[in-house]
Every structure is written in C-alpha cells, then in structure tokens.
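The values are calculated or read from the model by the stated rules, or taken from the named source; none is laboratory data. All values reported here derive from a predicted model rather than from experimental measurement. Cβ: placed from backbone, ideal geometry, glycine included. Neighbour counts: every protein chain shown.
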Amino acid sequence: MINLASFVVFTLDPILAPVARRSHKFAARFRLRLNAGALWQILQQVVERFLSRAFRKHEAAYVAAARREAGPEIHRHVSWCNRVEVSFDGTSIGKAPLEGYAWHCPASRSIAVAWSLTKRLVDRLEDRAMEAWNRDSWLMKEREVSCHQLLMDNHLWCNEDLDMGMVEESHPDYDFYQLYFSNADTGHAGSRRDRTYVIASNHRRTVCRHDPWQLRDAIADRMRRKVATLPSDYFCADRCEVQMEAMKVATRRQITFVPERKNLRYLLTPAESGRLRQYEDLYYQKFGKPATQDPDLVCFLGDNPLQWRTWSMQPAAKAIPTMRRNAKTGLWFSPHYKRWLVPREKLAAMGWPVNDAMAEAMNCPCVPSRDVHRAADLVGNAMHFPTVAVAQLIALACFAPLDDQD
C-alpha cells in the first residue's frame, strides 16, 4: 500500500507541480493584496479620524464665535418664500453682513417648507434625504460662495444644540416631549429668550394624561391675546436706584460722579459713545426720526452696530435681544431715557417679580433686588422665570403616575 501511494505521487507530481506553483503564486499575491488593503484601511481610518477631530475643533470654535456675536439663537428663524432667509438676534455672523446669508432655490420656490422640517427629514430618513441633498437639481444656489462653504463646512444652521436622537437612544425607558417657548408665550413680548424644554416620562412608571403640546399652545395663545409688553415697560427703576447704579459705574470707571444728573451719557467710554451714535444714525436712516423719540429703542453698547446690530428694533416685533453672559456688566442703553437698564430692570425683563405690581400679578412674594450688586448677580444668564413656571406646570398637569387611576 505504501509503495502504491509513493508510485501515485511520483507519477502525478509532474502534472500537479505547475498547478501547485501557480496556486502558491496566487496565494502569495492574494496575501499581498490583503496586507495592502488592510494597510490602506488603517491609513484611511487614521486620516478620517484626524480630519474628523480637526473638523470638530473648527466647528466648536466657529459656533463659540457665532454665539459670542449673535447670542444663543444662532440657528432659529428660517422662512421660505422666494428665497430662504436666515435671521437671528444681530445682523451678521463671522463679521459678514446678514444679507450674505440669504439663499434662494429656483426649483423649490413654490414649496413652503421650513428648515426644521428639512432637519427632521435628515434625521429620520437619512439616506434618502442626504441623497436628495446632494442632487444638483435640489441644491440651493448661494449668493456668495463663501456663505455656501460656511454652511456646508460647519452645519451651523441645520444642527440643533440639543441632540434628541442621542438622548432617546441613551435613555430607552423614557418618552421625550420637547416643547419650544418664547417670552411672548407668557406675555413678555418686549424681551427675547427663546428656549426649549424637554419632559422625560418613564413609560414604565408614568402615563401621559393630556397632550403637552396642545396645552402649551392653549396657554401661549391666551397669553398673547391678553398681554404683550414693550421694551419701555421694563424701565421701572426709581431715581434713587438709577443714581446708585450711576455711582457704581462712575467708581468702577474712575469718572467723577455728578449727582442728580439724568443724562448718563457722560459715564460712557469713548467706544460706547461712538457705538451709541452709530445706533442713532442707523435708526434715523431706517425710520426717518431721531432715536430719542422712541422709548422702545434699546441697544447693546458691547457690540459694533456696523457689524451686527443688537438692538430692540427687530423685524418681527420690538423686543430686547437675548442677554448674553456679559449681562452683568454690559450696558443696554436707551437714547430716549438717556440711561441704561439697571440690574433690577434686567430682572424685570427676565420675568422676575421685582416690584409689587408684578408680584401681585404672579401671586408670589417680591424678589428683594434693590441692591444693585445682588440684582446683577441674579440676572447673569438666568432663564425666563414665567417660562420655566409654565414648563413645570405643563409637566405636572399632563403626566401622572402609572398606577394613578384618578
């Protein structure tokens, strides 16, 4: 048997040898290709990771710069008609005029669709939406190439700060109800601080008894019909409080304080005085009358009006723009009253019950805020007081424990 096996191998060797050699060569080439492919994939992953990290750093830096210039609401209001217009608190971003961020789409002029709807389509139908996004027939043609590159590189206008998809995936035991609020929903139309609040309901322990969005809309509609404040309504400080604020600013800036002087322009720095004159010139060019005749004009002297206008003359309504983190030291000046908002008036714009009338209407005690230092510490970057109360009211009214049958 052994001799037979040796004979078979000896006989078939000349026939199988070329096949074996070709097989070895093919295997060697295949292994080489596998190694090259693996190295290419590793290199590709390293490059992609590096670019992704660099992109995230660039995006974070850009968003931070945008917020410093335009405030928190940098991606909110988008409307479609013959073109798409992006607007926010301020009129520029990245030191470019707002008109540079106007877009138009000839193929979609008749389609009334909001940017938020497009964002939801991208979230829910990512593959089809992104495919449609990349089609040349659907792409919006920008007025300026740099604006289009800015949009595509940073995704500033189509990203929301709160990633609800990530929250839902990381908390599968909860149902989330995201509500959007504006100060006008609680009667404070004279100030701006649009915020979103999310109600998290554990579907094993709680049950939704009423539609929270319906209740939110009912409250907002009723409040909008009943009351709507103006920026001038928040100038409620008395003479003593204004003089205390003027003395504090004069001491900090080492300027001689003049008692009983109502016009506080003399306490402004040269840069602030120049910005105030620019605001007054812009107001006269736009409305054809002096800025001192409008009690609802309030402008922030910490921003350059030639680059971005942070004032209460918004296109939709007169409202004090969102106060940023420098609200404690930044001056919101009124040319009509010839002074700026004192800290207690800033708290009033945030809905805090700082006087007896507001406290009585809100059925709560008055917040002690006559001390300018304490009031300045309170205002900071605080939330709008009535808006938070309404959000909590909706959560308590619409949800109940699962075993509660009443």
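Assorted remarks:
- Among the residues of region 273-292, the ones that are assigned to a helix (DSSP H, G or I) and surrounded by fewer than 17 Cβ atoms within 10 Å (Cβ to Cβ) come to 10 in all.
- Verdict on ALA218 being touching a His at 6+ places or on another chain (Cβ under 9 Å), under 22 Å from LEU393 (Cα atoms) and not basic (Lys, Arg): no
- Looking only at residues of region 231-241 that are assigned to a loop (DSSP other than H, G, I, E, B) and in contact (Cβ under 8 Å) with a residue 24 or more places away in the chain, we find that the one that is surrounded by the fewest Cβ atoms within 10 Å (Cβ to Cβ) is CYS236.
To keep it simple, each residue is scored yes or no on (1) buried (at least 16 other Cβ atoms within 10 Å of the Cβ); (2) in the same structural domain as ALA357 (by TED's automatic domain parsing); (3) part of a loop (DSSP other than H, G, I, E, B).
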residue	(1), (2), (3)
TYR197	yes, yes, no
MET223	yes, yes, no
THR229	yes, yes, yes
GLN243	yes, yes, no
VAL258	no, yes, yes
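- Any hit, region 383-391, residues being farther than 30 Å from VAL207 by Cβ, crowded, with 16+ Cβ neighbours inside 10 Å and at pLDDT below 90: no
- In region 313-332, the residues that are surrounded by 24 or more Cβ atoms within 10 Å (Cβ to Cβ) and at pLDDT 85 or above: ALA319, ILE320, PRO321, TRP332
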